[in-house]
Structures are given as C-alpha cells and as structure tokens.
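The values are calculated or read from the model by the stated rules, or taken from the named source; none is laboratory data. Nothing here was measured: the structure is a model prediction, and the numbers come from that model. Cβ placement follows ideal geometry from the backbone for every residue including glycine, while neighbour counts extend to all protein chains displayed.
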Amino acid sequence: MSLTDRVHFRLMSLVHETLYGVFRDPYKSLHAAGLREGQRILEVGCGPGFFTVPAARVVGTNGSVCALDISPAAVNRVRQKLADAGVTNAEAVLGDAAETGLPGNRFDLVFLFGFHAPAGVKSEEIDRILRETHRMLKPEGILAVEGRIQPPPELFNRIAANGRITQYRRTTA
C-alpha cells in the first residue's frame, strides 16, 4: 500500500470513526436501506466499517453481512472491529467490487453508502460494479444507494427513496 493510500485511509478513518458518530446514526441509514432481521447483506466499499457492526446487529444471528473493500487496511480494520464487538455473523473480504469472485444470487440486499469512486475512475468502472452487484443479488434483491449513483434501468428499478437513501429492485435481466 502506497503512502498516499495509507494517508487517505487514515483520514477516512478519522472522519468515519469520530465525526460520523457525532452527526450520523448508522441504524437510521440501515433501516432506510431496508435491512431486516435474517437477511444476507453485502456492504460494498465498507471502508473502516462505520456501518458493518450495526448492520450485523440489524440482521441478527439468522442473517449475515459481507463487508467488501479493495483496501487491505480497511479489511484489517473491519476484522478488528468485528472481533472487538464479538460479532460472528459478519466477515470482511478483500476484493474488487467490479469482480468480487463471490457467488451469484447470494444476497438479499446490497448497500453502497458513502461510495465515492476513486479519482480517475470512469463511468465504465461504476457500470461494471453495478453489473457485478446485479449478479450477486437474489432475483428479488434490493440495491440501496446513498448519493448520486443511478443504476441503469435495465439492471435495477427504482422503488423507494428515504432521505439520501434510494432503493432499487434487481430486474430479472
């Protein structure tokens, strides 16, 4: 990991682990996204894991959370948070969101919160991430997005918006 990547991760961690907690309730966002007891969830771009432990608590012992990030520092930090919290229904996975290697039709809900494409990432890369997300969702699965990402209509149909969180249902295409 380059010095730039390490500095970026430390700054992101500072914001997520201090300021976010003051101004943001992770449970409110997770409920707006549609997380419920018993679901299998994928968190794309988990960063330092602000939402990961709360998501695991929302889905409960009958559900599970897979927190995915491309940064080894993020994955290590989330693994430590899960261990410290005694969470056993979640895992942190190192991987590229555009080619996860995870099984298809596995998740009830995928969420992308605070997802910011790295500088220089083209819309084709975002499209690849959304196509991979579509592949991993169950046929009636939900994609919950915070922010301005708008999935292609051939992959997802908009079904609801709650504040900054928009839900999309996976199409059968």
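The set of residues from segment 62-95 being surrounded by fewer than 21 Cβ atoms within 10 Å (Cβ to Cβ) and under 17 Å from GLN39 (Cα atoms) comprises ASN62, VAL87, THR88, ASN89, GLU91. Of all residues in segment 87-107, none satisfies being of a type outside the set (A, V, I, L, M) and at pLDDT below 95.
With respect to VAL44, is the statement that it is surrounded by 15 or more Cβ atoms within 10 Å (Cβ to Cβ), farther than 23 Å from TYR168 by Cα, modelled with pLDDT of 95 or more and of a type in the set (Val, Ile, Thr) true? If you could, list the steps in order and put the result at the bottom.
Numbers: surrounded by 15 or more Cβ atoms within 10 Å (Cβ to Cβ): yes; farther than 23 Å from TYR168 by Cα: no; modelled with pLDDT of 95 or more: yes; of a type in the set (Val, Ile, Thr): yes.
In short, no.
When residues in segment 126-139 are screened for being in a helix (DSSP H, G or I), out of contact with any Phe, Trp or Tyr (no Cβ under 8 Å at 6 or more places or on another chain) and either surrounded by 15 or more Cβ atoms within 10 Å (Cβ to Cβ) or at pLDDT 95 or above (or both), 7 of them pass.
Return yes or no: is ALA73 in contact (Cβ under 8 Å) with a residue 60 or more places away in the chain, in a helix (DSSP H, G or I) and more than 12 Å from the chain's Cα centre (by Cα)? Even if it seems obvious, please write down each step before you answer.
Working: in contact (Cβ under 8 Å) with a residue 60 or more places away in the chain: yes; in a helix (DSSP H, G or I): yes; more than 12 Å from the chain's Cα centre (by Cα): yes.
The answer is yes for ALA73.
Considering segment 31-50 alone, what residues qualify as being more than 16 Å from THR133 (Cα to Cα) and either without any contact (Cβ under 8 Å) to a residue 60 or more places away in the chain or in contact with a His (Cβ under 9 Å, 6 or more places away or on another chain) (or both)? Of everything in segment 31-50, those that are more than 16 Å from THR133 (Cα to Cα) and either without any contact (Cβ under 8 Å) to a residue 60 or more places away in the chain or in contact with a His (Cβ under 9 Å, 6 or more places away or on another chain) (or both) turn out to be HIS31, ARG36, GLU37, GLY38, GLY47, PRO48, GLY49, PHE50.
Note on segment 140-173: residues that are closer than 16 Å to GLY34 by Cβ and either surrounded by 22 or more Cβ atoms within 10 Å (Cβ to Cβ) or of a type in the set (A, V, I, L, M) (or both) total 14.
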